[in-house]
Structures are given as structure tokens and as C-alpha cells.
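Participant: Please read through the structure below; I'll follow up with questions.
The values are calculated or read from the model by the stated rules, or taken from the named source; none is laboratory data. Note that the coordinates shown come from a computational prediction; the quantities given were computed from them, not determined experimentally. Quick reminder, even Gly has a Cβ in these numbers, built from the backbone with ideal geometry, and neighbours come from all protein chains shown. Ligands, DNA and RNA are excluded from the accessible area calculation, which covers all protein heavy atoms including side chains. Shrake-Rupley method; radii C 1.70, N 1.55, O 1.52, S 1.80 Å.
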Amino acid sequence: MMDARILQRIADDFPLQTLTPQELQKDTLPVTRDPQPKPCRAWVRFGPHAVLVDAVVVAWNDVACGVEFSIGEKRCRCWVWANAIAPVG
């Protein structure tokens, strides 16, 4: 796992990326929301930097997962490809 200070610097300097509506196939794929989010490790991107974070899966469809995670005091949310997620526990 990346050092917290380095991760904070990357998050301060680059925007968090998320999948587009077209990539999510929003018009054709239903989204499931989980009332009890499941812990995971997720690859997310800040600008050109891919980083592995501890997160929870809050929603998903057949191709992607919506994740939430914190960097310092900042709460982050984004959509990533389903294979960018590894369950924890």
C-alpha cells in the first residue's frame, strides 16, 4: 500500500477519475446499491497515477463497481472496472 503522505499529495495534485456514463452503459445496465457496503481493495486513478486504496463497494453493475474511500479527511467516490476490485475478508 502506498504511503499515506504520497497518496495525499497525489490526491491534492490530480483529479480523481471515474468511468463515463458510456463506459458504465448507464442506459442499458441496472445498478445495484448495497445497504451494507463491502470492504475491498480498489485500483483508482488520480490523473496519470494508479493507486491501490482500501475502500468499500457501494454499488455495482455487470461491468463496474462504485467505491468510496477516504484520503485524510476527504471522502472520495468513483466508478472503476469490476476487475479493479479485490474483496477483503
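Participant: Which of the residues that make up segment 39-52 are assigned to a strand (DSSP E or B) and either more than 8 Å from the chain's Cα centre (by Cα) or of a type in the set (D, E, K, R) (or both)? So that I can check it myself, show each step before the final result.
Facilitator: Step one: of segment 39-52, the residues assigned to a strand (DSSP E or B) are 39-46, 49-52.
39, 40, 41, 45, 46, 49, 50, 51, 52 - these are the residues of segment 39-52 that are assigned to a strand (DSSP E or B) and either more than 8 Å from the chain's Cα centre (by Cα) or of a type in the set (D, E, K, R) (or both).
Participant: Would you pick out the residues in segment 38-61 that are within 13 Å of residue 81 (Cα to Cα), without any contact (Cβ under 8 Å) to a residue 40 or more places away in the chain and open to solvent by 70 Å² or more (accessible area, probe 1.4 Å)?
Facilitator: Within segment 38-61, 45, 60 qualify.
Participant: Residue 11 versus (1) open to solvent by less than 60 Å² (accessible area, probe 1.4 Å); (2) in a loop (DSSP other than H, G, I, E, B): which is the lone unmet condition?
Facilitator: (2)
Participant: Here's something else I'd like to know. Give the number of residues within segment 20-37 that are within 22 Å of residue 69 (Cβ to Cβ), modelled with pLDDT of 95 or more and either open to solvent by 100 Å² or more (accessible area, probe 1.4 Å) or small (Gly, Ala, Ser) (or both).
Facilitator: 1
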